[in-house]
Each structure stands twice: as C-alpha cells, then as structure tokens.
1. Can you give the charge dipole size of region 174-269 about its Cα centre, rounded to the nearest 20 debye, using +1 on the beta carbon of Lys and Arg and -1 on the beta carbon of Asp and Glu?
2. Does region 153-288 come out rounded, prolate or oblate, given a ≥ b ≥ c as the square roots of the eigenvalues of its C-alpha gyration tensor, rounded meaning a/c under 1.5 and, failing that, prolate meaning a/b above b/c?
3. Using the Cα centre of the chain as the reference point, and only Cβ charges (+1 on K/R, -1 on D/E), how large is the resulting charge dipole? Debye, rounded to the nearest 20.
4. Projecting each Cα onto the charge dipole of the chain (Lys/Arg +1, Asp/Glu -1 at the beta carbon, about the Cα centre), which of Tyr218, Val346, Gly127 comes out farthest on the positive side?
5. Gaussian network model of the chain, Cα springs within a sub-10 Å range: biggest mean-square fluctuation belongs to which of Gly340, Gly66, Gly196?
6. Give me the log10 of I(q) over I(0) for the chain at q = 0.14 Å⁻¹, as the Debye formula computes it from C-alpha points; what are the numbers?
7. Find the all-direction average of the projected area of the Cα convex hull for region 72-130, expressing the result in square nanometres with one decimal place.
8. So what's the back-of-envelope 222 nm ellipticity for the chain, counting only DSSP H runs of four-plus at -39500 (n - 2.57) apiece and dividing by all residues, rounded to 500?
Amino acid sequence: MKNKRRIFIQNTGIIAATAAFSPNVLLSATRASKEKLGIALVGLGYYSTDLLAPALKLTSNCELRGIVTGSPEKIPAWKTKYGIKDKNIYDYKNFDSIANNPDIDVVYVVLPPSMHAEYTIRAAKAGKHVWCEKPMAPSVADCEAMIKACKDNMVKLAIGYRCQHDPNIQAYMKVGKERPFGKAKMISSAAGYFDGRSDHWKQSKKLGGGAMGDMGVYALQGARLATREEPISVLAQASTTRPKIYHEVEETMMFQLEFPSGALAACHTSFGINMNHLHITYEKGWLKMEPHSSYNGNKGSMSDGTLINFSIQNQQAKQMDEDALAIFNKTDLIVPGEEGLRDITVLEAIYKSAAQNCAVKL
Ligand code: NAD
C-alpha cells in the first residue's frame, strides 16, 4: 500500500543511503591518496584496536599514520598490521612533539574519559585537529576548556558520536525536525550491556567511569535527538546490584527528562543489563528503534508503516570520512565539541539529582 509518509524506505545500498543523507561523501570517491588526512590514534585499547583502526582502512579520506601509546609492547603488532613508521610513534611524554610532524593532521583521543581534556588540549596546542571519544569529559569545565583550546589554536574538535553519522539515527532526527506525527510527547530510551570486568576504568570514578557517561549518553542522545530540544529538568536515581565492583560509580542510572515543549523522557542505562532501544510517542503516532545505538544493524519502524533500515558498510568509517571532509572543506562538523558539551551539561545535572535525591533544573 502506498503511503505519502513513507519517506524512509528499506534500503540496502550504501550509495543510496549516503546520497540521501550526506552528499559530500560522494565527492570523496575521487580524492587522491596523498590528499588523505593522517590520523594518529591516542590509546590503543579495545575501541582503537577492534573498531577504529580496521575502520580507518575502509575510509576514503583518512589514513592511520600514527599511534600514541604508553604500552611499548603493543608497537610491533601495530607497525606490522598498519605500516606505522617509527617517526610517527609517540608515548605520552613525547606526544607534544607531534606538533613537528607533517604526517599527522588529526589526533584521535581514545583514552579513558578523565584523560580526554588533557590530550585534546595538548593536541590542539600542537596544531592538530582533534577527534575525541565520548563521553567528551567528566565535567562541563573540562569540555569548555577543550572547546576553547581548539578555537584558540584554530583546529576542529569532533566528538566520536558515531550514531549521528548513521542514516538510521538521522531518520528519527529528521522526524523530530519535520514533525510528520506532530510533537514528541513521551520518549523511552535505554542503552546498557553486561560488563563482567571488575578492575577497569569503567568502574573508576577518577578515570571517568560509570554507566551514565559510557552508555547513558546514548539513552540521553536518543531523547535529545528525538525532541531536538534540550532538557530543562532532570530527576535521576543511581543504583547497583554489585556493590563490590560498583562502589565508586553507578552500575545503573535511571533518569527522567523534561523538555521545554512539555515532552518527557524516561531513560535507563546500565553495566548490568543488556538493553538498546528508543520508543518515541508523538501527538499522532509513534517511532520505535531497536537496536538504537549499535555499531551496525540499527533499525526501526513508524506508526504509518514506514521502515527505517538503512545499510551502511561501516559506521566508524563513515564517521571519520565525514569528519575528514569537514576539515578538507572547512565546513561544519556533524558532531562538534559543543554537542558533547550539551550532553555533559545534562550529565552533571543527572549526577547532582541522583546525589541530592531531587529534581535539578537546567
Ligand atoms: P580500553 O580500556 O580498552 O582502552 C583504553 C586505553 O587507554 C588503553 O590502551 C590503555 O592502555 C590506555 N590508558 C592510558 N592511561 C590509562 C589509565 N590511566 N587507565 C586506563 N587506561 C589507560 O577502553 P576503550 O573501550 O577502548 O575506551 C576508550 C574510549 O573510547 C572511551 O572514551 C570510551 O568511552 C570510548 N569508546 C567509544 C565507543 C563508541 O562506540 N564510540 C566504543 C567503545 C569505547
């Protein structure tokens, strides 16, 4: 049955998906390799090793040229796998000398969150563009200092919110903007997984751990991007079922948000529960996404029968190619530092609310 509001069709072609949402990417197809941006990854843990470095191989506009690591034993494998030159390998002490290295255009900070501000600011002072993983930093003050350092040094700062580069997520953002079903009234979003580790930075307050910054930002983004508004009030509750592991930071955070339009959101995040969904109830319909914040396979449906099911080759490759194009073309980033700051502003209020056991106005 034909439906005028069938604006997003099931789509399995990367060209069609990117053409619909990011025509600039198509320009990159002919970019010569010498025009690629040189990327240096800072921190060679899980995300750099398993996701970002393999994704960089799939990009058109980027090339993995450098690494910054405090673990020299990791270097040989990275040299072999990615052909990293000795002169492009740094440790945390000599990192600032990256300023003199023309091979490196972008420093991608993939460290525990408490280290994001220091390495972003050092990279900016070295004159390098910065891509920084989420959560941007543990505090608003850190985020503001990161934004200022990048502005002062005339470099771009992108936050690694890969989902905002995913056409499936862009689909519900578009519904929030164009309002085919009227205003969003109630949102339910959840992002969590079971983390079996007991001695990781995710369980350390000093290193910026806690479910809220790690996974809660996806639930928060779901509500913010669905309404295209910023919350004016939050009410939050932190809890744990494993107090021996989660005694410094929360294992689970439940938080309610109120938006200026009157829309409400009930959001959940956890290191103890697998969950990954977004439900939006509008004045005249609904939209559901499940999964909502995965690396691939995010998909959903709407009350008028529209399916959201775009296929992309690699989410992180798309993110980095689009961020590279913004640098090449001197255009706006899809997720600039200011967007990371918006989340951390709400995150601070959520922690305050949980600690004081009362609603906090923003
Ligand atoms: P990880 O623990 O696997 O890696 C962290 C890296 O930092 C390691 O190489 C470690 O050696 C290094 N490090 C340096 N100083 C450290 C210290 N004092 N304590 C602990 N580690 C130290 O973590 P990860 O999962 O790779 O996460 C890194 C960043 O990437 C975080 O900000 C995380 O939120 C983000 N991340 C983002 C996504 C995403 O989907 N965008 C997914 C996973 C992780």
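Here, each number is a calculation from the coordinates, and none is a lab measurement. Everything numeric in this text was worked out from a predicted model, so none of it was measured. FYI the Cβ positions are ideal-geometry reconstructions off the backbone, even for glycines, and counts take in every protein chain you see.
1. With only Lys, Arg, Asp and Glu charged at Cβ, the dipole is about 240 debye.
2. prolate
3. Using only the charged Cβ atoms, the result is roughly 760 debye.
4. It is Tyr218, whose Cα lies furthest towards the positive end.
5. Per the Cα network of the chain with a 10 Å cutoff, Gly196 tops the list.
6. Debye curve over Cα of the chain, log10 I(q)/I(0) at q = 0.14 Å⁻¹: -1.22.
7. Taking the Cα atoms of region 72-130, their convex hull projects to 4.2 nm² on average.
8. -8500 deg cm²/dmol
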